[in-house]
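The values are calculated or read from the model by the stated rules, or taken from the named source; none is laboratory data. Worth saying up front: this structure is predicted, and the values here are computed from it rather than measured. Here Cβ is always computed from backbone atoms with ideal geometry, including for glycine, and neighbour counts include all displayed protein chains. With ligands, DNA and RNA removed, areas are computed over all heavy atoms of the protein, side chains included. Shrake-Rupley method; radii C 1.70, N 1.55, O 1.52, S 1.80 Å.
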Amino acid sequence: MNRYLLTASVAALALAATAGFASARDQIQIAGSSTVLPYAKIVAENFSEAYSNFKTPVVESGGSSGGLKEFCKGVGENTIDIANSSRPIKESEVKACADAGVTDIQEVRIGYDGIVFATDINGPDWALTAQDIYKALAAQVIVDGKLVDNKVAKWNEVNPALPDWDIAAYIPGEKHGTREVFEEKLMTEGCKEAGALEAIKATGADDKAAAAACIAVRKDGKAVDIDGDYTETLARIDSNKTGVGVFGLAFYENNADKLKVATVEGVSPSVETIAKGEYPVSRPLFFYVKKAHLDVVPGLKEYVNFFLSDDMVGPESPLAEYGLVSAPDGERDEQRSAFEAGKTL
């Protein structure tokens, strides 16, 4: 079967699937980013109170990549309606969706969040830079002009101003969108600032291989991937009082009685510093809607409109109170208009 006939067949099966589950499922199904998870749960609870004729949406975690993988499995009652994500969807994921019959995807940007480094509340103050993070956690570093395996054991070996603590960093696992922001804005930048990128290229590596080497994290137990949500990271720090964890700003702010946050490049993370663009490790947050489900799953369209309302994502909303950095007025209006117009990727 040629490519065009195959695509047509997939589309026909997808259409049949959506036509067949109109009465089979009456509850919105959502999965994805652990960062977006608490926001989506707040909206789901408020939506249930405002729209008693619809069932409360089911909101689950699984990480941005995990949620998008589920989202792209196809159309129909056994597939989710919305994928939450703390990063933009990748071209490869859009293609995977299309190959499975998910051809119309609507992107919704809900606001902004920051990525923070935090330690136990009783620990010393921390002032980190991207270069510190790279030198502590990279698989390979520059020593005497040569690229070697990272053997640094303590934070104060990276920077004398940092504590005399064994390096133990709990970072998001590779399925989390937070991990990609961590790699892009900290590991990659730190690699450049440390001169490691040029040293890697000098070994003959091409741009792609050099970029991959910059974000490669050491595997000797000093950097630990956390595949669960932020509560698992918090538990690790609770059991290791000299551990350092990576969190979303909102999670930190809601656990500020247990955690002490570090500055990054001299800036403290806060709603204000992120809104002003001063804090260097911030990112937009998204969810993706399966357009084919909008007129089939009861309440789905109403849920998205409710989520985008100023009552949910405006500066005085419960999401802002929890820690979401609201987008500017014009951007919020733009998101509402794009959804109403049915704009797809």
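Quick one: work out the % antiparallel among DSSP beta bridges in the chain, nearest 5. Here the share of antiparallel DSSP bridges comes out near 65 percent. Report the Stokes-Einstein translational diffusion coefficient (µm² s⁻¹, integer) for the range 205-244, Rh taken as the Kirkwood radius over Cα pairs, at 37 °C with viscosity 0.692 mPa s. Rounded, D is 268 µm²/s. Length gained on full extension, Asn53 to Glu232, computed as 0.36 nm times the residue gap minus the Cα-Cα distance: 60.9 nm. A crude spin-label estimate for the pair Thr344 and Asp144, with each label 7 Å from Cα along the Cβ direction, gives 6.0 nm. Ligands, DNA and RNA left out, the 1.4 Å accessible surface of the range 114-282 is 49% carbon and sulfur atoms.
Peptides 329-339, 189-199 ranked from most to least packed by the mean count of surrounding Cβ atoms within 10 Å: 189-199, 329-339.
Taking the average, over residues, of other Cβ atoms within 10 Å as the packing measure, peptides 30-36, 128-134, 160-166, 244-250 rank 30-36, 244-250, 128-134, 160-166 from highest down. Using C-alpha pairs below 8 Å separated by at least 6 residues, the relative contact order for the chain is 26 percent.
Distances over 19 Å make up what percent of all Cα-Cα pairs in the range 166-226? Above the 19 Å cut-off, the range 166-226 has 33 percent of its Cα pairs. Isolated cysteines of the chain, defined as having no other cysteine beta carbon under 4.7 Å away, do not occur.
A DSSP coil position with no more than 16 other Cβ atoms inside 10 Å describes the following trypsin sites (Lys or Arg not before Pro) in the range 103-162: Lys151. In summary, the lysines within cross-link reach of Lys241, defined as a Cα separation below 23 angstrom excluding same-chain residues under 8 places away, comprise Lys135, Lys151, Lys154, Lys219, Lys222, Lys258, Lys260. Taking the Cα centre of the chain as reference, the dipole from Cβ charges on Lys and Arg (+1) and Asp and Glu (-1) amounts to some 980 debye. Over all distinct Cα-Cα pairs of the chain, the Kirkwood formula returns a hydrodynamic radius of 21.5 Å. Entry comment: accessible area of the chain is 45 Å² per residue, from protein heavy atoms only and a probe of 1.4 Å.
With an a/c value of 1.5 or above and a/b larger than b/c for the gyration tensor axes a ≥ b ≥ c computed over the alpha-carbon atoms, the range 114-282 is described as prolate. Taking other residues whose beta carbon is less than 13 angstrom from the beta carbon of Lys154, and scoring Lys, Arg as +1 and Asp, Glu as -1, yields -1. Show which aspartates and glutamates lie in cross-link reach of Lys192 when reach means a straight Cα distance below 16 angstrom and same-chain residues fewer than eight apart are skipped. Partners within reach: Asp132, Glu183, Glu184, Asp206, Asp207, Glu265.
For the range 184-302, the alpha-carbon coordinates run over 57, 40, 33 Å along the three principal axes, in decreasing order. With the helix formula -39500 (n - 2.57) applied to DSSP H stretches of n ≥ 4, the chain reaches a computed 222 nm mean residue ellipticity of -11000 deg cm²/dmol.
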